[in-house]
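K.L.:
Below is a structure I'd like to ask you about.
Nothing in this text is a laboratory measurement; each read-out follows from the coordinates by a stated rule. Note that the coordinates shown come from a computational prediction; the quantities given were computed from them, not determined experimentally. Neighbour counts run over all protein chains shown; Cβ positions are idealised from the backbone, glycine included.
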Amino acid sequence: MIQQRITVLPDGRLSRNDAAKYLGRAPKTLAEWARLGTGPRSFLVGGRRFYPLADLQAFAGG
């Protein structure tokens with residue numbers, strides 16, 4: 001198993017790339033989910049999309 005480094009910012013949010021790694025999905029998949037209004041909750045900060053760690057955990061079932 002390959003370990004990947006995931007960065008969680010101090011306020012508990014992850015970038016789209018890190019959220020995708022956490023969920024084992026491609027970043028484009030999360031982008032499509034955001035476009036469709038499905039998947040884990042996300043929000044924009046300065047034009048970049050972020051995902052709260054707690055929401056990713058709930059979405060993953062953990």
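K.L.:
Provide Thr7, Thr29 in ascending order of the number of other Cβ atoms located within 10 Å of each residue's Cβ, fewest first.
P.N.:
Numbers: Thr7 10, Thr29 14.
With the fewest neighbours first, Thr7, Thr29 line up as Thr7, Thr29.
K.L.:
Could you pull out which residues in the range 3-35 have an amide N less than 16 Å from a spot 7 Å beyond the Cα of Leu44, following the Cα-Cβ vector?
P.N.:
16, 31-35
K.L.:
Next question. Based on DSSP H runs of at least 4 residues, each adding -39500 (n - 2.57), what is the mean residue ellipticity at 222 nm of the chain after dividing by all its residues, to the nearest 500 deg cm²/dmol? Intermediate values should be presented prior to the final figure.
P.N.:
Numbers: 3 runs with 26 residues, N = 62.
Here the helix-only value at 222 nm equals -11500 deg cm²/dmol.
K.L.:
Which whole-Hz ³J(HN,Hα) couplings does the range 4-12 yield from phi under the Karplus relation 6.51 cos²θ - 1.76 cosθ + 1.60, θ = phi - 60°, glycine and proline marked x?
P.N.:
Once θ is set to phi - 60°, the couplings for the range 4-12 become 10, 7, 10, 9, 9, 5, x, 8, x Hz.
K.L.:
What list of ³J(HN,Hα) couplings, whole Hz, do you get for the range 22-37 from phi and the Karplus terms 6.51, -1.76, 1.60, once you set θ to phi - 60° and write x for glycine and proline?
P.N.:
Result, rounded to whole Hz: 4, 8, x, 10, 7, x, 5, 5, 5, 4, 5, 4, 5, 5, 7, x.
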